[in-house]
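Working notes, structure below.
The values are calculated or read from the model by the stated rules, or taken from the named source; none is laboratory data. The structure displayed is predicted, hence computed values, not measured ones. In this analysis, Cβ positions are derived from the backbone assuming ideal geometry, glycine residues included, and neighbour counts consider all displayed protein chains. These accessible areas exclude ligands, DNA and RNA; they are computed on the full protein's heavy atoms, side chains included. Shrake-Rupley method; radii C 1.70, N 1.55, O 1.52, S 1.80 Å.
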Amino acid sequence: MRSGNPTLNDNTFLDVGSGQLRSAGAGGVMTLEGTVNKTSVLLALVLLGAFFCWSQYDGPESVSKVMPLAIFGAIGGLVLALVTVFKKTWAPVTAPLYAVVEGLFVGGISAIFEAKYPGIVMQAAGLTFATMAAMLIAYRSGLIKATENFKLGVVAATGGIFLIYLANFVAGFFGYEFGLIHDSGWMGIGFSLVVVTVAALNLVLDFDFIESGVEAGAPKYMEWYGAFGLVVTLVWLYIEMLRLLSKLQSRD
């Protein structure tokens with residue numbers, strides 16, 4: 001079992017000490033319905049946090065008011081995500097907290113893009129959920145099969161994108177930035193299209209991985225962890241949709 005999503009990797013359903021499948025214990029086993037329900041809860045919490053941050057936005061001149069919330073959300077979301085990854089049994093608590101805090105970041109980033117490109121947020125949100133639906137249909141119908149080569153290709157592409165973003169982040173401290181990431185030319189748009197495609201394909205891997213956990217009889221708390229991993233991918237996809245649409249609109 002393999003996923004490009006760093007929160008859902010080969011060891012997600014394994015016990016760190018023994019290397020064997022985690023025992024479900026008395027808490028029950030992971031189910032697909034339970035994971036879907038918990039994903040819905042986490043998405044609702046992300047929207048709740050985003051709407052709270054968005055409520056502070058009152059036009060382009062008020063962007064500075066949402067920046068502190070966005071920064072807090074970014075840092076808090078990263079910390080809670082790392083805690084969840086390394087302490088999966090805490091997912092029933094940390095995953096909802098992550099969703100609320102990450103919602104602040106999503107709301108802040110949305111306000112920043114909306115201030116410069118009115119209407120872009122609704123477009124990005126619609127495209128994100130439409131992409132998720134399309135990937136789910138393609139996966140369930142067998143149109144896209146999560147073969148081992150497919151998984152390895154998506155994992156490699158995801159890792160490459162992460163390294164590019166990391167290098168750009170480090171270069172920023174020295175006053176440089178990669179034009180490929182920020183440029184609104186055809187090269188920049190092409191790069192964003194590739195990133196959006198890879199993020200969308202990660203959804204297929206997440207669906208497959210969660211289904212594998214259900215079939216393996218993973219413990220009940222893994223429903224929260226599986227939902228958490230899926231939300232991480234959706235947030236990434238949404239941010240990349242915003243970036244792509246902003247590049248396209250800046251050319252008008």
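Once you sort the root eigenvalues of the Cα gyration tensor of the stretch 143-187 as a ≥ b ≥ c, which label holds: rounded (a/c under 1.5), prolate (a/b larger than b/c) or oblate (the other case)? Display every interim value, and only then the final one.
Details: a/c = 5.89, a/b = 2.13, b/c = 2.76.
Judged from the Cα gyration tensor, the stretch 143-187 comes out oblate (a/c at least 1.5, b/c at or above a/b).
When peptides 105-113, 78-86 are sorted by average Cβ neighbour count within 10 Å, with the highest value leading, the order is 105-113, 78-86. Seen against the Cα atoms of the chain and their longest principal axis, helix 120-141 is set at about 30 degrees. Shown for the chain: the carbon plus sulfur share of the solvent-accessible area, taken with all protein chains present and a 1.4 angstrom probe, equals 71%. Values of log10 I(q)/I(0) for the stretch 106-252 across q = 0.11, 0.14, 0.15 Å⁻¹ run -0.49, -0.77, -0.87, by the Debye formula with one identical scatterer at each alpha carbon and no solvent. Under 1.5 on a/c is rounded, so check that first for the stretch 76-156, then, if it is not, pick prolate when a/b is larger than b/c and oblate when it is not; a ≥ b ≥ c are the square roots of the alpha carbon gyration tensor eigenvalues. Cα axes put the stretch 76-156 in the oblate bin. Here is how the number arises for the chain: DSSP H runs of 4 or more residues each give -39500 (n - 2.57), the sum is divided by the residue count, and the result at 222 nm is -25500 deg cm²/dmol. Here the chain is treated with +1 on each Lys and Arg Cβ and -1 on each Asp and Glu Cβ, and its dipole about the Cα centre works out to around 140 debye. Accessible surface area normalised per residue over the chain is 49 Å², counting heavy atoms of protein chains with a 1.4 Å rolling probe. In this view, the solvent-accessible surface of residue 38, computed with a 1.4 Å probe and all protein chains in place, comes to about 40 Å².
Per 0.36 nm of contour for each residue apart, how much would the distance between residue 52 and residue 32 grow if the chain were fully extended, relative to their Cα-Cα spacing?
Full extension from residue 52 to residue 32 adds 4.2 nm.
Under the classification rounded if a/c is under 1.5, otherwise prolate if a/b is larger than b/c and oblate if not, where does the stretch 191-243 fall, given a ≥ b ≥ c as square roots of the Cα gyration tensor eigenvalues?
Values: a/c = 6.05, a/b = 2.28, b/c = 2.66.
Taking the square roots of the gyration eigenvalues as a ≥ b ≥ c, the stretch 191-243 is oblate.
Which entries in 151/220; 38/145; 88/220 show an alpha-carbon gap greater than 19 Å? Violating the 19 Å limit, Cα to Cα: 151/220; 38/145.
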